[in-house]
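Down below is the structure, laid out as structure tokens.
The values are calculated or read from the model by the stated rules, or taken from the named source; none is laboratory data. Quantities reported herein were computed from a predicted structural model and do not represent experimental measurements. In this analysis, Cβ positions are derived from the backbone assuming ideal geometry, glycine residues included, and neighbour counts consider all displayed protein chains.
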Amino acid sequence: MSGRSAWWRADVVLKPDEAAGPETAPARLSEADTAYLASLAPAAISRYQRLNPLTKATLATVTTLGAFVLGGYLGPLLLLVGIVLPGAIAAHLLRRVVRVAVLFSLPISISVALVSVFTRAGSTVLFNLGPFDATLEGVDFAAQIIVRLFTIAMALALFGLTTEPRAFVVDLERRGLSPRVAFAAAATLETIPLMVERALAIQAAQRARGLDTEGSLSARVRGVLPLVAPVILSSLTEVEERSLALEVRSFGRPGRRDLLWTLPDTGRERALRWLLVAALVVALVAPLAGVMPRLP
Amino acid sequence: MASKWFRVAVAVVVGAVTLVVGMAAAGSFDTTVDPNTGLVAGSNAFMFVLAVALLLAFIAYAGVEFATTRRLDSITSQFDTRTIVLIPIAIAINIVLGQTVGNALKIPLYLDSVGTILVGALAGPIPGALTGLLANLIWTFVLAGTPFGSAFAWPFAIVAAEIGLLAGVFGYYGFFRSRPNTSIPTLVGGVVVAGLILLGLAAYGVLPFYAKGGFTFFGTNPTDSLFTIIAYGIGIGLILALVALTIQLFVRRDLGVAFIVVAGAICGVISALISAPISAFVFGGVTGSGSDILVGAFQQAGSSLIEAVFQQGLLQDPIDKTIEFIVAFLLLQTLSRRFSARFPQGERAVGMVEG
Amino acid sequence: MLVLDGVSYRYPGYARQVLLDIDLTLGDGEIVGLVGPNEAGKSTLCLVLSGLAPASVGGVLAGTVTIDGETTAGLKSYELARLIGLVFQNPNTQRSGVTATVFEEVALGPVNLGLPVAETVERTRWAMAALRIEDLAERDPARLSGGQAQLVAIASILAMRPRHLVLDEPTAQLDPEGTRLVAEALRDLASTGTALLIAEHKTDVLARICQRVVAIDAGRIVLDAPAAEGFADSRLPAIGVEAPAVVRIGAALGELGVAMPEIAP
């Protein structure tokens, strides 16, 4: 339990509620309870992770959109060095972020390189490979796309590795997201790993019965289909039971909920978010208005 | 239902006007061809303008409903608890199928919208659109650090939303219903009509994009032979699929197959038209799937980047979407009527429940 | 007090009446067992009692369902949640899937009711204590045994402090260990004053805690008697319900001419 503590504040909104029923005095949170609730929030192991999820999301989004808007080489690299790398270092996750980003962008980078280098129309031919000509324009185009994609992958990897999805959903609900949407979002994140687990279990069972899961294309197709169908069907037939069980727990009641724990948000972070958005808008509008030249 | 048609009409008009105005405004910024990307700069704005147009159309629809009835019932009624429980499952189906089957089998199929189609058919167009949108956004932004993430799904969220919207509309009009044991004359008539619709789609929606390519199927240029092989492969696959479908059609005499194929083809063409500019602008025409080879081949045959992406999309998307619609159709048949009937649009989608 | 008066019910899209002319009264704090063969309508009766049928499931309900004088007709499902709780058989589908600890899972019901945090915490602690699962508070709800998960499900409903609690075959999907856990928990629960209606096949579980037993067959109530005579009634085996072991052993001993000794519960 060490490491979880003072940086989290309990913002408890106490209001009288008829729903509390005939019990008389409204209950009060003891010190021990407050500390316990604080411990339910995800632990933060670095100052970067302690940032509010919306701030981290804004950083990722602005970097991603900025990489498109700025174009060329310089823009994405500036974003990478100015936003993503400092964040990753502050979170002590540099190596992992880079590894994830490379894993992500490598297959597509190879595709981009192969396709663009050889098939883009261009005048300066660098070398030939059979019937295909590699052009300088092709290499340039491919390089720009790769830089852009790598920057985006880095920004998203940083966000993914430093943000707990449940914490993000809780924070959004505190800001006014409907509880039902919050539920749908949170449930999605749980369902995917569960479905994968179920799929792996079924795959193991079917492999034990001799169904081919490796090999030629037709064998793989035949192996995948009996695997995919039960997972999907069993998930779908559960919908009725799950929705009844939720309704019994007052799901869908209109109105706000008083959440057990929330994450703090500071004035400085709010200012930072607005600053980032403003910078993005400027970067979008300025070249169109002719105020700023397109970066190389 | 007169008021509902009125709302839809208002929404369509608002959307169309926004689209035209937006394209004109965006086009006027910069119509020269950007030498770096080979794109008309105005096409960058296409995705943005389309998103804005759809959003304004939706707001117009909701606005008219709110103004006349002071509530948003036609939208919120699509979102009962069952829908909310279904959406995460559908999103998970999208991501799991798209990431594993789509990528692992290495065939040019995306197969990442089956969940979206299910939600659209059972719950309605708005939940369907929301499912598609959320699925793509979550696929990228939330799953970013995990093996199930894809950094490149988020720009196609608008395409996914359109698929959900269309699936909802098709579901409303009963395109997902199984109609077994139709009489032979009706069956043949239905197949002929479907065939004509598909031909019309091909002639007016698809082939015009190939006229500029300047390629022939049977050229003597070496790249043409590569392309010929690919084309033959796709053609054979298509014919096999059609044969299988026809068998299903005639053994079970299920006219629903004809309906679903038409629905899938229409959705595919529209999806291709929307996703091509996205793919070209955002990824330079490369999405890391098997379709990249096709794009390259088209470019080698003389198309510009944007033309090549359209040509690849219009070949691949209708097939992929038709297959996905068929998968959803088969799933709905497998699931019990009791399951489907309780959804907001379930009875319309799957047909009346017997006593 | 829960009153069903002349209640008949059929599911949407089906013509057959699943429940026929049911009259049933449950007093405050009463522990009632509901038995019957398969497809007799036990689960449907549970859904009707909790108001989910027709509020959530649809269908056509004739007659009235009254909770403490208030009719349930027209109430939405989230309004009913405060009045009456329902526990299902399958512990996995009752898990919400959005919580990381058992504490948050149990607290979900009160949070959904919009209660202030302090009230939520108090109710959660009370519910978990009532079922003796305080030591599970930090565990991941998805990684529990069947019996533990079912206890968490019961606690989740209990935390909303409903006036009546209906349990639809709570031990059906559990192994003997899980059944034992839940049965003991229900026994402890019965002593706290919450009214319980427990539908079960395993009459042994019911025999030790119910004050009254109701038998249903083909949609109609065929027996409604105090537990001692109800469980011994010959109508139970006649409709296909196995009498509790105590009764069966007593009958076998009786045939041998041996009197059944008093067995303390």
- Note on the structure: From the option list A:Ala185, A:Ala157, single residue qualifying as outside the structural domain of A:Ala283 (by TED's automatic domain parsing), in a helix (DSSP H, G or I) and either closer than 24 Å to B:Thr140 by Cβ or touching a Leu at 6+ places or on another chain (Cβ under 8 Å) (or both) is A:Ala185
- Note on the structure: Residue hits (region C:60-116; of a type in the set (S, T, N, Q), part of a strand (DSSP E or B) and at pLDDT below 90) are C:Thr71
- Note on region C:237-262: residues touching an Asp or Glu at 6+ places or on another chain (Cβ under 8 Å) and under 13 Å from C:Gly33 (Cα atoms) are C:Pro244
- If we keep just the residues of region A:136-192 that are closer than 30 Å to A:Ser235 by Cα, among the polar types (S, T, N, Q) and facing another protein chain (nearest Cβ under 8 Å), which is surrounded by the fewest Cβ atoms within 10 Å (Cβ to Cβ)? A:Thr191
- Determine if region A:249-268 includes at least one residue that is over 16 Å from B:Ala90 (Cα atoms), in a helix (DSSP H, G or I), within 14 Å of chain C (Cβ to nearest Cβ) and in contact with a strand residue (DSSP E or B) (Cβ under 9 Å, 6 or more places away or on another chain). no
- Message: Here is a list: C:Val7, C:Val3, C:Val32, C:Val48. Which entry is in contact (Cβ under 8 Å) with a residue 24 or more places away in the chain, more than 14 Å from chain B (Cβ to nearest Cβ) and touching a Lys or Arg at 6+ places or on another chain (Cβ under 6 Å)?
- Response: C:Val32
- Task: Being among the β-branched types (Val, Ile, Thr) and within 21 Å of A:Gly252 (Cα to Cα) narrows it down to one of C:Val117, C:Val102, C:Val60, so name that one.
- Result: C:Val117
- Note on the structure: Residue count, region C:72-98, condition crowded, with 24+ Cβ neighbours inside 10 Å, more than 7 Å from chain A (Cβ to nearest Cβ) and over 22 Å from C:Asp28 (Cβ atoms), comes to 1
- Message: Please verify whether A:Ser46 is farther than 17 Å from A:Ala153 by Cβ, away from chain B (no Cβ under 12 Å), touching a residue at least 12 places away in the same chain (Cβ under 8 Å) and touching a Lys or Arg at 6+ places or on another chain (Cβ under 6 Å), treating the condition exactly as stated.
- Response: no
- Item | Tabulated pairs, region B:329-341, first within 8 Å of another protein chain (Cβ to nearest Cβ) and at negative phi, second acidic (Asp, Glu) and surrounded by fewer than 16 Cβ atoms within 10 Å (Cβ to Cβ), C-beta under 8 angstrom, 6+ apart or interchain | B:Arg337/B:Glu354
- Query: Does region B:65-80 include one or more residues that are at pLDDT 80 or above, within 14 Å of chain A (Cβ to nearest Cβ) and surrounded by fewer than 24 Cβ atoms within 10 Å (Cβ to Cβ)?
  - Reply: yes
- Output the residues belonging to region C:18-36 that are in a loop (DSSP other than H, G, I, E, B) and at pLDDT 90 or above. C:Val18, C:Gly36
- Residue count, region A:24-77 (criterion: touching a Pro at 6+ places or on another chain (Cβ under 6 Å) and either among the hydrophobic types (A, V, I, L, M, F, W, C) or under 30 Å from C:Asp140 (Cα atoms) (or both)): 2
- Message: Considering only residues that are touching a residue at least 12 places away in the same chain (Cβ under 8 Å) and within 10 Å of another protein chain (Cβ to nearest Cβ), which ones fall in region A:123-135?
- Response: A:Phe132, A:Asp133
- Note on the structure: Flagged in region C:201-220 as of a type outside the set (Val, Ile, Thr) and either within 23 Å of C:Gly6 (Cα to Cα) or out of contact with any strand residue (DSSP E or B) (no Cβ under 9 Å at 6 or more places or on another chain) (or both), in numbering order, are C:Lys202, C:Asp204, C:Arg208, C:Arg212, C:Ala215, C:Asp217, C:Ala218, C:Gly219, C:Arg220
- Message: Just to be sure I understand, how many residues within region B:81-96 are free of Cβ contacts under 8 Å to residues at least 60 places away in the same chain and facing chain A (nearest Cβ under 7 Å)?
- Response: 11
- Task: Could you please let me know if C:Glu134 is surrounded by fewer than 24 Cβ atoms within 10 Å (Cβ to Cβ), more than 8 Å from chain A (Cβ to nearest Cβ), more than 30 Å from C:Met1 (Cβ to Cβ) and more than 20 Å from the chain's Cα centre (by Cα)?
- Result: yes
- For region C:44-52, indicate whether the set of residues that are touching a Cys at 6+ places or on another chain (Cβ under 9 Å) and in a strand (DSSP E or B) is non-empty. no
- Task: Have a look at A:Leu85, A:Leu59, A:Leu80 and point out the one that is part of a helix (DSSP H, G or I) and surrounded by fewer than 18 Cβ atoms within 10 Å (Cβ to Cβ).
- Result: A:Leu85
- Task: Among the candidates B:Leu315, B:Leu330, single out the residue that is surrounded by fewer than 24 Cβ atoms within 10 Å (Cβ to Cβ), in a helix (DSSP H, G or I), among the aliphatic types (A, V, I, L, M) and at pLDDT below 80.
- Result: B:Leu315
- Is it the case that C:Glu184 is touching a strand residue (DSSP E or B) at 6+ places or on another chain (Cβ under 8 Å), of a type in the set (D, E, K, R) and more than 14 Å from chain A (Cβ to nearest Cβ)? no
- Message: Here is a check on your reading of the model: is C:Ala243 within 14 Å of chain A (Cβ to nearest Cβ), in contact (Cβ under 8 Å) with a residue 12 or more places away in the chain, assigned to a loop (DSSP other than H, G, I, E, B) and closer than 15 Å to C:Gly36 by Cβ?
- Response: no
